[in-house]
Amino acid sequence: MTAKKLTRLALFTSLALILSLVESALPPLFWFAPGAKLGLANLLSLIALFTDGVVGGYVVLAIRILLSQVFAGNFFALVYALPAGVISYTVQVLLVKLFIKKIGVVSISIVGGVLHNLTQTVIASLITGVNLYSLVIYTLPMGFAAGLFVGISAYFTLKHLPEKFYEK
């Protein structure tokens, strides 16, 4: 790994961590879903996927999730955040590798947002032993909206990055 790539990944991770911590300090977006967030930190993982490849995106994702939970003092949230992040990002990677010519970054981000919320719902149901699948009527539209916002942000960011910023 070159010093340039390592520096860029450290910058992406730092920005993602800052976005995550700021977003967790903000009041809830919806009264009926106190844990719902836009997932702004996912923007950096998605950008890293396109600029630094699959491994770069996983590095940003994993370190950001681990550090944000450490800084927030919410270690139990790792049970929800890490699997949901890894599963949604893995599907995003597959979509990029297989269908990037047919679908764009916005669609890929929407799939990631929806899958992230769906995964967290499944994990919560398994942990609590309570059927929480009825919450999907709330979580899927929120995942769609968050994915749309992050995807549009990623699209315009990637569009305006200079060519030399991308890994060859």
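A Förster distance of 30 Å, applied to the separation of the beta-carbon atoms of Asn131 and Leu82, puts the FRET efficiency at 0.80. Modelled spin labels at Tyr155 and Ala3, positioned 7 Å past Cα toward Cβ, are 3.8 nm from each other. To the nearest ten degrees, helix 105-128 and the longest principal axis of the Cα atoms of the chain are 40 degrees apart.
Taking other residues whose beta carbon is less than 13 angstrom from the beta carbon of Ser14, and scoring Lys, Arg as +1 and Asp, Glu as -1, yields +2. Output the 0 to 90 degree angle, nearest 10, between the alpha-carbon long axis of helix 42-72 and the longest principal axis computed from the alpha carbons of the chain. The answer is roughly 40 degrees. Taken as Cα centroids, segment 38-78 and segment 103-168 sit 13 Å apart, rounded to the nearest whole angstrom.
Counted residue by residue at 0.36 nm each, then reduced by the alpha carbon distance between them, the extension gain from Val70 to Lys102 reaches 7.6 nm.
Read the figures in this text as sums done on the coordinates, not as results from a lab. Computed from a predicted model, the values in this text were never measured in an experiment. Every residue, glycine among them, receives a Cβ derived from its backbone with ideal geometry; neighbour counts consider all protein chains shown.
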